[in-house]
Amino acid sequence: MLSFGVTFAQVTLTGVMESTYTMNGAKKGLGGGTKGGSEFRLGGVEDLGNGLKADFNYAFLQDHNTGGTGLTNYNSYVGLGGDFGTLKIGKQFTPLVLATWGNDAAGGAANSSSLANGSGVQANGSVTYTSPNFSGVTVSLQANDQTTPSKDENDKDITLGKSSGYSLTYATGAFSASYASNTNKGAKAVNGLGASYDFGMAKVFISSLTQSGTKDATGFGISAPLGAATLIASYSEKGEASVYELTAKYNLSKRTMAYFQNKVTDKDKKAASVTVNSIGIRHDF
């Protein structure tokens, strides 16, 4: 990690470099990774006294495999934190997204294609409040005043209206559970419910995603640590569509990981299954 200080503030530079080779499928060849891709983040925390702290995060995605210069800004905010909880303002993931990712064995985001995950799009111009932990219970509330580009189930570009959402999470020992909801202007609420339990030798996950007028999605998964390796299996379905993923990760060090992923996708009963196999390496700095 590289860090440098200016007067009383400190800025840290962290990030990820990742490359994946997809051995078959429509996107055969080198790519930016299935475990999240390459990114860098600028962040920092300043102690304001009396238990109050200011922090910021400024993150960018970039595919180093193509040599392109384009950067995609994401999850960038400025915030305040203290005994009252945290308040963040900026481009942020919704509480629904974070809650459903927490109930996904693969970890959500680019790591997973689970049909029971909330949309990965972040809300522009959003304000998020997260409460302190009260006996294992944490509440998160969010609202935004800007439209947000997104994609529908068929990967077509759409625009989401102003949104609001919340999550309620309970965690104690090996068990955790959450309920979350998000509503965009002009659309019905999307609700996510899920839980996980860590048995030590393996951790199991279950989740669901519902919206009035659409088909329900459910997901199941298991993650099993085996020394330096971790095996992850997950299955999700929505109507006639389903996705099965099997991932094997091996930690070469604390910051470097190699992995193999097998993914089988069924769009419906009429279409043939699509199988994609990928190998990759990821380094965190």
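Rounded to the nearest 20 debye, what is the charge dipole size of the range 178-246 about its Cα centre when +1 sits on each Lys and Arg Cβ and -1 on each Asp and Glu Cβ?
Details: 5 positive and 5 negative charges, 57 e Å.
Dipole of the range 178-246, to the nearest 20 debye: 280 debye.
Placing +1 on the Cβ of each Lys and Arg and -1 on the Cβ of each Asp and Glu in the chain, which of A202, N103, Y21 has its Cα farthest towards the positive end of the resulting dipole?
The Cα lying farthest towards the positive end belongs to Y21.
Accessible surface of S236 in the full protein assembly, 1.4 angstrom probe, to the nearest 10 Å²?
Accessible area, nearest 10 Å²: 0 Å².
Can you tell me the dipole magnitude for the chain around its Cα centre, using point charges on the Cβ only (Lys, Arg +1; Asp, Glu -1), in Debye to the nearest 20? Intermediate results must be reported in sequence, preceding the final value.
Numbers: 23 positive and 21 negative charges, 81 e Å.
Result for the chain is approximately 400 debye, rounded to the nearest 20.
Under 22 Å between alpha carbons, and skipping anything fewer than 8 positions from K254 in its own chain: which lysines qualify?
K35, K203
Quickly work out the T72-to-T256 label distance, labels modelled 7 Å from Cα along the C-beta direction, and quote it in nm with one decimal.
Once both label points are built, they end up 2.7 nm from each other.
Suppose only helical runs count, i.e. DSSP H with n ≥ 4. What mean residue ellipticity at 222 nm does that imply for the chain under -39500 (n - 2.57) per run, divided by all residues and rounded to the nearest 500 deg cm²/dmol? Numbers along the way, then the final one.
Numbers: 1 runs with 8 residues, N = 285.
Mean residue ellipticity, 222 nm, calculated: -1000 deg cm²/dmol.
Could you tell me which of G81, T275, A59 has its Cα farthest along the dipole of the chain towards the positive end, charges placed at Cβ (Lys, Arg +1; Asp, Glu -1), taken about the Cα centre?
Positive-most Cα among the choices belongs to T275.
With labels modelled as points extended 7 Å from the Cα through the Cβ direction, what inter-label distance (nm, one decimal) is found for L87 paired with H64?
3.9
Just list whichever of K27/K215; K91/K188; K28/K270; K27/K269; K28/K91 have alpha carbons separated by over 30 Å in the model shown. Each step should come with its number before you reach the end.
Working: K27/K215 28 Å; K91/K188 22 Å; K28/K270 24 Å; K27/K269 23 Å; K28/K91 32 Å.
Where the Cα-Cα span goes over 30 Å, the pairs concerned are K28/K91.
Under 12 Å from a label point 7 Å along Cα→Cβ of L246: give me every residue in the range 86-116 with its amide N that close.
Counting backbone N atoms under 12 Å from the label point, the list is empty.
Want the number for D268 to D216: 0.36 nm per residue separation, take away the alpha-carbon distance, what's left? All intermediate terms of the calculation are to be shown ahead of the outcome.
On the way: separation 52, 0.36 × 52 = 18.72 nm, distance 1.49 nm.
Roughly 17.2 nm would be gained on extension.
How much length is gained if the chain between T172 and Q10 is pulled fully straight, taking 0.36 nm per residue apart and subtracting their Cα-Cα distance, in nm to one decimal? Please list the in-between numbers first.
Details: separation 162, 0.36 × 162 = 58.32 nm, distance 3.35 nm.
Residue separation times 0.36 nm, minus the Cα-Cα distance, leaves 55.0 nm.
Before anything else, pin down the relative contact order of the chain: Cα pairs under 8 Å, at least 6 apart, normalised by residue count, whole percent. Working shown, then result.
Working: 783 pairs, mean separation 41.5, N = 285.
Relative CO of the chain lands at 15 percent.
Once you treat every alpha carbon in the range 205-285 as an equal point and sum by Debye, what is log10 I(q)/I(0) at q = 0.21 Å⁻¹?
Results for the range 205-285 at q = 0.21 Å⁻¹ read -0.98.
The values are calculated or read from the model by the stated rules, or taken from the named source; none is laboratory data. As the structure is a prediction and not an experimental result, all values here were calculated from the model. Using ideal geometry, Cβ is built from the backbone for each residue, glycine included, and neighbour counts are taken over all protein chains shown. The area values use the complete protein model at the heavy-atom level, side chains included, leaving out ligands, DNA and RNA. Shrake-Rupley method; radii C 1.70, N 1.55, O 1.52, S 1.80 Å.
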